[in-house]
Amino acid sequence: QELQDLAAEDDQGVQQQTQSAAKRMEQKERLHVAKAVARDEIKARVRSGKMPGLVLKFLAQQWIKLLLLAHAKRGKDGDAWTAAIETMDELVWSVGPKPTLEDRRKLAGLLPGLLKRLARGMQIVGTSEAVGTRFFADLLKLHTEAMGGSLARPMTPQADAAAPAEQARPEPSTSPTCGRCLAFPA
């Protein structure tokens, strides 16, 4: 009876080890698939057009971690994956030129939510505060360039003299330098 009990106990231990090993292999495989899918999504954005190096570096070093987590937990059909992809697309769009007033207004309206989602994603994956602060400072410069390179309309001396006083004043700022946009923890 003791021999049978020992054999049964040993069989149970082997079975638990086998299940544990199978789970680890399954997790490793899911992580491998998630990594490949996340890389493919980033590569697709890179191939779609010009992207500043800052954004590419951020996506490849920081945002990929969030994509990995989202995919590994719930797959491509999960809300977290969808939100991370949408945020990535908005980031890529936000740093491109905005030649029309409509595009600049859209960017100004998009920025507060985009910056919050970026900060939250960086927090989730444990991005250091120094990296986040530097990224957001550099991103502000890109957004300023996207809005036309200046926070106010440049006025030449000739235009100043010829323009009525109301027109010489800069337009109200809808730029990414508004207080709301910079109040996010990096």
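The values are calculated or read from the model by the stated rules, or taken from the named source; none is laboratory data. All of these numbers come straight from a predicted model, not from anything done at the bench. Note that we place each Cβ from the backbone using ideal geometry, even for glycine, and neighbour counts take in every protein chain shown. Side chains included, ligands, DNA and RNA excluded: accessible areas come from the protein's heavy atoms. Shrake-Rupley method; radii C 1.70, N 1.55, O 1.52, S 1.80 Å.
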Item to complete: Return the pairs, sorted by first residue and then second, in which the second residue is in a helix (DSSP H, G or I) and buried (at least 19 other Cβ atoms within 10 Å of the Cβ), the first residue lies in the stretch 81-96 and is free of Cβ contacts under 8 Å to residues at least 24 places away in the same chain and among the aromatic types (F, W, Y), the beta carbons are less than 8 Å apart, and the residues are 6+ apart or on different chains.
Response: W81/L67; W81/A70; W81/H71
Worksheet, complete the sentence: Selection from the stretch 22-42 of residues within 14 Å of the chain's Cα centre (by Cα) and either among the aliphatic types (A, V, I, L, M) or open to solvent by 50 Å² or more (accessible area, probe 1.4 Å) (or both) yields A38, R39, I42
Fill in: Single match in A119, A108 (criterion: assigned to a helix (DSSP H, G or I), surrounded by fewer than 19 Cβ atoms within 10 Å (Cβ to Cβ) and more than 13 Å from the chain's Cα centre (by Cα))
A108
Worksheet item: Does the stretch 49-56 contain any residue that is in a helix (DSSP H, G or I) and open to solvent by 100 Å² or more (accessible area, probe 1.4 Å)?
Response: no
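Here are D10, D5: which of them is surrounded by 10 or more Cβ atoms within 10 Å (Cβ to Cβ) and modelled with pLDDT of 80 or more?
Working: D5 fails: surrounded by 10 or more Cβ atoms within 10 Å (Cβ to Cβ).
Only one candidate qualifies: D10.
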Fill in: Pairs where the first residue, in the stretch 103-132, is under 18 Å from H143 (Cβ atoms) and the second is of a type in the set (K, R) and buried (at least 16 other Cβ atoms within 10 Å of the Cβ), C-beta under 6 Å, 6+ apart
R104/K98; L107/K98
